[in-house]
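Below you'll find the structure, written out as structure tokens, and then a few comments.
The values are calculated or read from the model by the stated rules, or taken from the named source; none is laboratory data. Remember, it's a predicted structure, so these values are computed and weren't measured experimentally. Using ideal geometry, Cβ is built from the backbone for each residue, glycine included, and neighbour counts are taken over all protein chains shown. Accessible surface areas use protein heavy atoms only, side chains included; no ligands, DNA or RNA. Shrake-Rupley method; radii C 1.70, N 1.55, O 1.52, S 1.80 Å.
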Amino acid sequence: VAVAICTVIGIPLGILCGRFDPVWNTVRPLLDGMQVVHPFVYLLPVIFFFGIGRTPGVLVTMVFALPPLVRLTNLGLRQVPEDVVEASRAYGAPERRVLTDVQLPLARPAIMTGLNQCLLMAISMVGIVALISGGGLGQMVFRGVQNLDTPLAASAGLALYLVAVVLDRLSQRDGESSSLGSRISLAWSNRKTPENLIVLRDSQVAEQPDSLPEPVHQRERLGAAIGVAAGGATLVAVFLPWGSNGSAIGGYPAEEALDLVGTFSGFEAMGGSWFG
């Protein structure tokens, strides 16, 4: 629920931030505060106004998971090549068509990455939301930590890890050309036989031609040689004396080192204690 609400709010807000600089300058400090301030700080006001349960848990999760979606949506729109936008305007496209047909399609990878990060950060809030009776797997984590039950906490943490991995793979296509809906549909149809998905992925990889590694160029060889020479010089410098009349493996002068050892011995001979 928190991710769905963040999507409804975050993507339009990110579009406004990417299109209008005053909006971005106003929203940016708020996003900084939402990311820097610890969730425990705004957890108490939310409990004061909304009590405990799942509703305040959704609000706290939204505060924590919304900034990445807004930031990456804004970044994706600003990284669209300016010449492409100017060309669409030169051909008479209105601003609405420039946004929907040029900027949003080109910014889609950044927007999907923001949605992916929003989803993962929402999952990471499950354990904190359990403190206000949010329920779910976070309640098991909280119960295991509170009772020092290591197996319960470990099993609940492993379950959260598996959920996060599955949702991450569904929301980030990782080079595949299929859409999010088709990937979810394929995963749901093979939920009882997940090995079919592995066989299908292996067959797709086998169809792709093998790419040979590129040879090392002369400039890369020169950079590697400089790096090796600098590392060797640094290693030799470690064992060189740094001061006049220094020791073999340090920079402290040998005569001052002997004087310092004599001072320590004299102090102990007088019955002094360094730890007393």
(Q) When you scan segment 73-81, do you find a residue that is part of a helix (DSSP H, G or I), surrounded by 14 or more Cβ atoms within 10 Å (Cβ to Cβ) and among the charged types (D, E, K, R), even just one? (A) yes
Q.
Anything in segment 1-47 that is within 16 Å of Leu59 (Cβ to Cβ) and not in a helix (DSSP H, G or I)? List them, or say none.
A. Val1, Val37, His38
(Q) For the list (1) open to solvent by 30 Å² or more (accessible area, probe 1.4 Å); (2) of a type outside the set (Ser, Thr, Tyr); (3) under 26 Å from Ile11 (Cβ atoms), I need the number of the one condition that Met140 fails. (A) (3)
Q) For residues in segment 82-116 being touching a helix residue (DSSP H, G or I) at 6+ places or on another chain (Cβ under 8 Å) and outside any helix (DSSP H, G or I), which is farthest from Pro29 (Cα to Cα)? A) Ala93
Q) Identify, please: which residue in segment 169-186 is at pLDDT below 75 and of a type in the set (A, V, I, L, M) and is, among those, farthest from the chain's Cα centre (by Cα)? A) Ile184
Q: Return yes when Ile52 is of a type outside the set (D, E, K, R) and in a loop (DSSP other than H, G, I, E, B) and no when it is not.
A: yes
Q. Out of all the residues in segment 117-164, which are among the hydroxyl-bearing types (Ser, Thr, Tyr), closer than 22 Å to Ala4 by Cβ and in a helix (DSSP H, G or I)?
A. Ser124
Q: Report the residue count in segment 20-69 for those that are open to solvent by 70 Å² or more (accessible area, probe 1.4 Å) and under 30 Å from Val98 (Cα atoms).
A: 8
Q) Does segment 8-31 contain any residue that is within 25 Å of Arg54 (Cα to Cα), free of Cβ contacts under 8 Å to residues at least 40 places away in the same chain and of a type in the set (Gly, Ala, Ser)? A) no
